[in-house]
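Data first, discussion second: the structure below is written as structure tokens.
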Amino acid sequence: MAKLKIRDKKVKIAITKDKKKKDKADPEAVPELPVESSSPTRDEEHSDSRDVSQSSDSERSCESNEVEGNDLHHPAEESDSSEDEVAPRNTIGDVPLEWYKDEEHIGYDIAGRKIKKHARKDKIESFLAGVDDSKNWRKIYDEYNDEEVELTKKEIKLIKRLLKGSTPHAEVDPYAPYVDWFDWEDKGHPLSNAPEPKRRFIPSKWEHKKVVKYIRAIRKGWIKFEKPEEEPRHYLLWGDDFTSAENKRQGLKYIPAPKPKLAGHEESYNPSLEYIPTQEEINSYQLMYEEDRPKFIPKRYESLRNVPAYENALKEGFDRCLDLYLCPRTRKKRINIDPESLKPKLPSRKDLKPYPSKCYLEYLGHSGPVKSVSVEISGQWLASGSTDGTIRLWEVETGRCLKVWEVGQPVNHVAWNPLPQLPILAVSAGHDVLLLDTGLGDAEEQHRITELLHMEESASTDDRDLVSWAREEMYGGIRLKHSKAVANVEWHRKGDYFTTVMPKGDTKAVLLHQLSKKQTHNPFKKLRGLAVSAVFHPTRSIFFISTKNHIRIYDLLKSKLINKLETGLQEVSSVAVHPGGDNLIVGSKEGKMCWFDMDLSSRPYKILKTHPKDITNVAFHRSYPLFASSSEDCTAYVFHGMVYSDLNQNPLIVPLEILRGHASSKYGGVLDCKFHPRQPWLFTAGADSVIKLYCH
């Protein structure tokens, strides 16, 4: 909006009178140009306005000059010169007004004088003053210049049009008729007579699917938008370049280049006599080490012209440039931490007793490496299987061998039935699995075992492609003939079901057998990977199958996969489930042992790098917070593993003891380890054909 600087009083009177006549004739008309008198000196402006209001005689004499005033008015409206614009009275620039809230002034004018703040009315006074003023609704307060501004009708109309979403000026036509600047013959026909393609008026299904995919990704948090960085509202006005560069720098803190030492009196061409060394001192400098010898010896010259050039100037200048360009000038934050404080605070081993620590008894009798041992549920009997083709039954407390079974082929695994009233032993030897009656128990238990293991002479087959059930003639048990070598046998907690693992069995690698019905099932035909071992959950109908790299967890009731644990190991060798059922330990052939918290994650909670060689077996204790691992390095490690009922507290794992005593052989070291079901004792089976019992 252009503003005129009017100096002549007559012209001002004529413009004012002409404006009054127009307002009377058309009260709704908007003045074409609001004329405001502005000048650098506000006192002159106020004096001019007072002269206009008081001189009524001069107003009558100047009525003849109305035409002249109108002629001056219209050229000013059409002027587009920047000289007509009035600069703001306050010249503080972009400085926030909050900085002046405690001052008496609000800024400075163009002449550098302070602009005093006007006395502000309270809300009651401003309300009473606005009641009598009919134009109060047009007034707004300009905080920048500390004054009230009255909007004109034209400005109010512009604001209303902007609020409605229209163009600011009413004469602008947003829907002007299209002007075709190009004309050609036959312009009534399109460029092509081909019909419109269907994709132009049917929504694209591909785009709809893509939009739905993006919406789902945004809702689930897969796609995250970068929030714009908020620029600081205030900045340090008097800050230097160093501090601003330091604040903007990301990473290590910037350190300025070291400044050389300023020259003192010694470097003067005519220093005082007290700075000049004597000849004796100069000779003593030659006897000193080079790093202790002073680099500069002061000398005295009569004038500055007699001072020779410094012989090391180029060398020192070059070294200085190397220091500036090549040496890193970043401050590295070093934390002074005691290494002992980084060690986890573990309880003392004395507080974690009892645990097996000393060899108490040895079981001698096998002539080959003992590959597997198993303890009866009451803890009174021990069974062992060896590569010499024998299975031995031991009395735990005395070490006396009660019975020996000759099976004629290497024994891979032995397992007791978990029910105390069914002392049946499952043995895997070659391609066969034997269910043997140990002869323990009273007459009633023996009668029940005889009925359970009774089969007709002719072999009954549930499925010829799976397993054939046959009667064992020599020892009066049952023989299950498999197609491949059986590596592992495990019982269900109820004592009726047991599982066998054939690593080379392909689709028949893991089988489930029911003793009471003499049936075999194969629910895991689509097992991916080479099966290593399989165990039952101690309390629920859940089944664990370990392959070389993963642990798959199945629900037997629903017959579906419910979880898959990623071990991150090269090859899994053994698996053991905690009696609580929520934790799992996995041993590998690279000497690592993984602890899984299945409620926490499908990845290991802890990875223990214990043995330098392959881990052969891992085992949990039934009642004590203990677990152990055996390895081919002829050692067995015992750990304290406490699992808390509070889900917010992580399991406590503490290494307790390294059990040694087995001799090394070409068949390996310690091949198996098992805990006593009731006492904190550990049985280890070695390749040296010895079974050891470690007690507390």
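Scanning region 537-562 for residues that are polar (S, T, N, Q) and either open to solvent by less than 20 Å² (accessible area, probe 1.4 Å) or outside the structural domain of S601 (by TED's automatic domain parsing) (or both) yields S546, T547. Against the test of being exposed (fewer than 12 other Cβ atoms within 10 Å of the Cβ) and within 30 Å of R622 (Cβ to Cβ), the options K295, K358, K353 yield a single qualifying residue, K358. If you filter region 155-167 down to residues that are out of contact with any Pro (no Cβ under 8 Å at 6 or more places or on another chain) and within 18 Å of I140 (Cβ to Cβ), you find that the one that is most open to solvent (accessible area, probe 1.4 Å) is L163. Exactly one residue among L515, L565 is touching a residue at least 40 places away in the same chain (Cβ under 8 Å), farther than 18 Å from N412 by Cα and either open to solvent by less than 10 Å² (accessible area, probe 1.4 Å) or among the acidic types (D, E) (or both), and that residue is L515.
Of all the listed residues (S630, S665), the sole one being assigned by TED's automatic domain parsing to the domain that holds F543, in contact with a strand residue (DSSP E or B) (Cβ under 9 Å, 6 or more places away or on another chain) and at pLDDT below 90 is S665. With respect to (1) open to solvent by 20 Å² or more (accessible area, probe 1.4 Å); (2) farther than 23 Å from T616 by Cα, the lone exception for W469 is condition (1). Only residues that are over 13 Å from I607 (Cβ atoms) and open to solvent by 50 Å² or more (accessible area, probe 1.4 Å): list them for region 581-593, please. Residues satisfying the conditions are D582, K589.
Go through the residues of region 376-385 one by one and say whether even a single one is among the β-branched types (V, I, T) and either free of Cβ contacts under 8 Å to residues at least 60 places away in the same chain or part of a strand (DSSP E or B) (or both). For region 376-385, residues among the β-branched types (V, I, T) and either free of Cβ contacts under 8 Å to residues at least 60 places away in the same chain or part of a strand (DSSP E or B) (or both): absent. The numbered conditions (1) assigned to a loop (DSSP other than H, G, I, E, B); (2) open to solvent by 40 Å² or more (accessible area, probe 1.4 Å); (3) farther than 20 Å from H621 by Cβ; (4) of a type outside the set (V, I, T) are all true for G368 except (2).
Among the strands (runs of 3 or more DSSP E) contained in region 101-147, which hold 3 or more residues that are within 56 Å of the chain's Cα centre (by Cα)? By residue number, 105-108, 139-142. Here is the figure for region 606-615: residues that are open to solvent by less than 60 Å² (accessible area, probe 1.4 Å), assigned to a loop (DSSP other than H, G, I, E, B) and not charged (D, E, K, R) total 2. The C-beta contact set for region 149-163 (first residue in contact (Cβ under 8 Å) with a residue 60 or more places away in the chain, second residue surrounded by fewer than 15 Cβ atoms within 10 Å (Cβ to Cβ), distance under 6 angstrom, 6+ apart or interchain) comprises K153/V30; K154/V30. Screening M598 with (1) open to solvent by 10 Å² or more (accessible area, probe 1.4 Å); (2) under 19 Å from P356 (Cα atoms); (3) touching a residue at least 40 places away in the same chain (Cβ under 8 Å) gives one miss only, at (2). The set of residues in region 645-696 that are assigned to a loop (DSSP other than H, G, I, E, B), aliphatic (A, V, I, L, M) and surrounded by fewer than 20 Cβ atoms within 10 Å (Cβ to Cβ) comprises L647, A663. Screening R622, R603 for residues that are within 28 Å of L364 (Cα to Cα), at pLDDT 90 or above and assigned to a loop (DSSP other than H, G, I, E, B) leaves exactly one candidate, R622.
Mind checking whether some residue in region 334-346 is out of contact with any Asp or Glu (no Cβ under 9 Å at 6 or more places or on another chain), open to solvent by less than 50 Å² (accessible area, probe 1.4 Å) and in contact (Cβ under 8 Å) with a residue 40 or more places away in the chain? Within region 334-346, none of the residues are out of contact with any Asp or Glu (no Cβ under 9 Å at 6 or more places or on another chain), open to solvent by less than 50 Å² (accessible area, probe 1.4 Å) and in contact (Cβ under 8 Å) with a residue 40 or more places away in the chain. The set of residues in region 271-299 that are outside any helix (DSSP H, G or I) and over 24 Å from G317 (Cα atoms) comprises P271, S272, I276, P277, T278, L287, M288, Y289. Do we have any residue at all in region 441-462 that's assigned by TED's automatic domain parsing to the domain that holds T500, at pLDDT 85 or above, closer than 22 Å to G365 by Cβ and surrounded by 16 or more Cβ atoms within 10 Å (Cβ to Cβ)? No, every residue in region 441-462 fails to be assigned by TED's automatic domain parsing to the domain that holds T500, at pLDDT 85 or above, closer than 22 Å to G365 by Cβ and surrounded by 16 or more Cβ atoms within 10 Å (Cβ to Cβ). With respect to the conditions (1) buried (at least 17 other Cβ atoms within 10 Å of the Cβ); (2) touching a residue at least 40 places away in the same chain (Cβ under 8 Å); (3) among the aliphatic types (A, V, I, L, M), V407 falls short on a single one, namely (2).
The values are calculated or read from the model by the stated rules, or taken from the named source; none is laboratory data. Quantities reported herein were computed from a predicted structural model and do not represent experimental measurements. Don't worry about glycine lacking a Cβ; one is built from the backbone with ideal geometry, like all the others, and counts go over all protein chains shown. For the accessible areas, the whole protein counts, side chains as well, though only heavy atoms, and no ligand, DNA or RNA atoms are used. Shrake-Rupley method; radii C 1.70, N 1.55, O 1.52, S 1.80 Å.
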